[in-house]
Structure formats: C-alpha cells, structure tokens
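One structure is given below, encoded as structure tokens.
The values are calculated or read from the model by the stated rules, or taken from the named source; none is laboratory data. Only a predicted model underlies this, so the values are computations on that prediction, with no experimental measurement involved. Quick reminder, even Gly has a Cβ in these numbers, built from the backbone with ideal geometry, and neighbours come from all protein chains shown.
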Amino acid sequence: MGKVLSGQFKLRRTLLAGLSLFIILSPFDRLSLGTVAGLQVRLADATVLLIAPALAVLVFRHWRSWLLDSFAQVLVVWLAINLIGAWRSPAGALAIAKFAGVGWLAVLALSAATLSRDGAAQLYLRAAWCAALAVVVAIFLATLAMWVLGARDLSTLASFGSLPPGPYPRIRGPFMNANMACTWLLAALAVAISSGPALGLSRKQLFTLVGLGGASSALTASPGLAGLFAGLAMSRSRLPHSLRPYALVLAIGGLAVMALATTLLVRSTPAGWRVEPAPRASVWESAAETAASAFPLGSGLGTEPAKHSWTSPAGELQLLTDAHQAYLSILAQLGMPGLVAWLALLAIAFLRARHEDPWLAVGIVAAVVIPSLSGSFENARHLWVLVGMAAGSAPLMRPSSTGGRH
C-alpha cells in the first residue's frame, strides 16, 4: 500500500510539474518546434512528454471514478465526434493532425481537472498562472514604453487588421496574435483574482497585478474585450453598493461598443471616413452557409468553414477562411453533435465553478463564451486548461495547508 501511495504521489507531482510548465510557456506560442501537416507544434506542447504518461496511469488507476464523472463522459463524446469528423473529412493528413491536437486539448483539460480536485495542487497551478501573468504584463508594458519612444518595428506589436491604422499601438506581446493574447489575459485575470488571497498576495499586490493585466488586455484592441465587460457585469455584486450601478452601466456600454466595433468597419477614403460592414459579418455568413449545406454532421474536421476576400484598411488583400466564431466553426466542421458536446463541456465547467469558485465561472464566460462570438477559440490551449480547472475546482486552501479533496 505504501508503494502504491508513493507511486501515485510521484505521478501527481510529475503531472503538476508538466502542467505548471505548460501554463508558464503558454503565452509564448510563437516559439515553435516545427510543423506537422501544416500545424505548428509549439514549445509548450513539449510538456506532453511529462503530462500524457502521468495522466494515462492516473486515469487507468481511477477509471471507475472518471467513468461516473459527467465532464469526463462528455469529453469522451467530444473526442469521438472529432474522430468521426476526421474520418469523414476530405482534409486528409490535416484532419488527422487536427484530431491529434484535439486529443492534446482533452489531455490538458483532464489534467487540470485531475489536479484541481486537490486544493494544494491547485495552488501551484494558480501560482503558475499568476507568474505567467506578471511576465506577460511586463512584456506589454515594455512594448508600450518602446512604442512611446518611437519604436514601430517590434515583434510584440500586432497588425491593425480590420482596425483603422492610426497613432495608437495594438500589442500582442509574445502571442501569435492580439486576439489570442486577449483571451489568455482574461483567463489569467480570473485565476489571479480568485487566487490572490490563497497565494498570500496583499490587496495592494493583487490590485496592481489585476489592474496592469486589465490595462494590457485593453492594449490588444481585440473584439474579445467584450468578455471583460461581461465579466464586470457578472461580478458587480462583489463591488460596494455605491459602485454597482456604475459598473452595470459601464458593462452594458462596453458590450454595446464592442458589438459595434466587431460588426462595423471604419475605413478612410479620399472622400472621408466611410462606415461599412466589418469582414466578420461576411465571414459569419459564409460559415453559416457551410454549416447549413453540411447539416447536421458538418463538413469534417480540418475543413475551411468560410471563404471571403477583402482588403484591410491598411491596404492588404486577405483571404479569410476561418469562421471567426467558435460556434459556427464547430457547427460547420462537426455539425450539431459537435456543437452540443462543446457547449455541454462549458456548461458543466461553469456550473461546477459557480458553486466552488465563482471567479473561475466568470473566467469561463469572460475568456471563452463571449470571445468565442468573435473568434474561433475552440482550439486555444490555455482555455482548455481553464475549463479543466473549473470542472475539477475544489475549495482553495492556503499554502500552509496540507489537505485536499480527493
């Protein structure tokens, strides 16, 4: 019995080390180890060598408990739907590589859920999120300072995309793009707010970290910022009574502004400024047509949901094949079964977190549900870690505590 317990402790320690390292490396998604069937394998993905074997043994030893867990059940259904979607797909090797990526996302979610059942292990995961958030904020602030000093050719600056070029910075930091940076920051902010007291952060330290993190998310100028305002609306009850009406007005106003900014495009022309539908509207229409034509099972994993050519305000000719909305992206590729399974995973994670850790529930809405209306984030690795943590969330304990929920 002692050897079994010792072996299980070592497996959990290995799993914790691997997932903590993944969280710390996750912002640096431009650091690539190469490509497989056109898909990038990022440096953070190397942690699969630590995570996957340890998780496999733990799941095998406790398969009965996982068999009764609704989150694990739906996760298996999600994997099965993706496998069928890859088998049906005309994308060939790309579909197989995509399915491997989906499997990795499931491993991340299940690993986070496994570790989050233990309050002590969960603290280390949250410490990793906060450490990574501090590093990302430092990169954003350094980029802003260099931009103010006149630097314009920085790898941490993002293209304006559908935004009108102007005398303002759009920062992506170490991320692949500004939209991914925004969702990561929103997820990290939710974890940080939830974890601050348990990690021993003073109110001033937590306020500084969260304030600078929020400012960094604003510098992404991403449509995903709608999630920030949605989170504000959800958490207003935690504010002093005198501030709650202002928070609600700010949240509603922010959501309205983000809705307009996402669906309308302001373009400079020789005749002056012109307002026209944003390219997302056309992409959504194209993706909806794909979903309708392939209903109810979708066109297959790895297929392109949309096809729309347009010229950006900066004069760049672009062909958009991404749905720019997770719900349409899943519906177009995996049909109704895929969309229902994905929504079920989010619902289970949200409902569990709302009971045990409301801030993680806010994070699910702010970083996943709302940004997914304007971006295809169903394959964002860090969001699957957040969902897994919410699905397995246990009451937090302070670092001096030694117990946990098993």
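Things to note:
- Of all residues in segment 302-316, those satisfying the criterion of being in contact with an Asp or Glu (Cβ under 9 Å, 6 or more places away or on another chain) and either at pLDDT 95 or above or part of a loop (DSSP other than H, G, I, E, B) (or both) are Glu304, Pro305, Ala306.
- Within segment 356-383, tally of residues that are touching a Ser or Thr at 6+ places or on another chain (Cβ under 7 Å), farther than 24 Å from Ala278 by Cα, touching a residue at least 60 places away in the same chain (Cβ under 8 Å) and part of a helix (DSSP H, G or I): 6
- Check on Arg152, charged (D, E, K, R) and crowded, with 21+ Cβ neighbours inside 10 Å: no
- Subset of segment 361-375 that is more than 10 Å from the chain's Cα centre (by Cα) and among the small types (Gly, Ala, Ser) - its residue that is nearest to Ala344 (Cα to Cα): Ala361
- Within segment 104-116, residues that are closer than 7 Å to Gly392 by Cβ sit with their Cβ atoms under 7 Å from residues that are in a helix (DSSP H, G or I) and among the aromatic types (Phe, Trp, Tyr), at 6+ positions apart or across chains, in these pairs: Ala113/Phe71.
- Among the residues listed as Arg42, Arg88, Arg30, the single one being under 24 Å from Ala344 (Cβ atoms) and of a type in the set (D, E, K, R): Arg88
- Qualifying residues in segment 207-225 (those that are assigned to a helix (DSSP H, G or I), in contact (Cβ under 8 Å) with a residue 12 or more places away in the chain and of a type outside the set (A, V, I, L, M)) - the one nearest to Val148 (Cα to Cα): Ser216
- Test for Leu68: is it out of contact with any Asp or Glu (no Cβ under 8 Å at 6 or more places or on another chain) and either among the hydroxyl-bearing types (Ser, Thr, Tyr) or within 28 Å of Gly173 (Cβ to Cβ) (or both): no
- Single residue of segment 27-47 satisfying the filter (within 22 Å of Gly302 (Cα to Cα) and among the β-branched types (Val, Ile, Thr)) that is modelled with the lowest pLDDT: Val36
- Within segment 286-306, the residues that satisfy the criterion of being of a type outside the set (Ser, Thr, Tyr) and free of Cβ contacts under 8 Å to residues at least 12 places away in the same chain are Glu289, Ala292.
- Residue list for segment 102-117, filter: surrounded by fewer than 20 Cβ atoms within 10 Å (Cβ to Cβ) and touching a Lys or Arg at 6+ places or on another chain (Cβ under 9 Å): Trp104, Arg117
- Matching residues, segment 26-61, being of a type outside the set (Phe, Trp, Tyr) and assigned to a loop (DSSP other than H, G, I, E, B): Ser26, Pro27, Asp29, Arg30, Leu31, Ala37, Gly38
- Breaking point among (1) farther than 22 Å from Gly224 by Cβ; (2) of a type in the set (Ser, Thr, Tyr); (3) modelled with pLDDT under 90, for Ser299: (3)
- Put simply, of Leu201, Leu225, Leu219 the only residue that is aliphatic (A, V, I, L, M), closer than 24 Å to Ala353 by Cα and modelled with pLDDT of 95 or more is Leu225.
- Number of residues in segment 307-347 that are touching a residue at least 24 places away in the same chain (Cβ under 8 Å), of a type in the set (A, V, I, L, M, F, W, C) and over 25 Å from Gln73 (Cα atoms) equals 4.
- Exclusive hit being in contact with a Ser or Thr (Cβ under 7 Å, 6 or more places away or on another chain), assigned to a helix (DSSP H, G or I) and among the aliphatic types (A, V, I, L, M), set Ala323, Ala332, Ala261: Ala332
- For segment 62-78, a residue qualifies if it is part of a helix (DSSP H, G or I), more than 20 Å from Gly103 (Cβ to Cβ) and not hydroxyl-bearing (Ser, Thr, Tyr), and exactly one does: Arg64.
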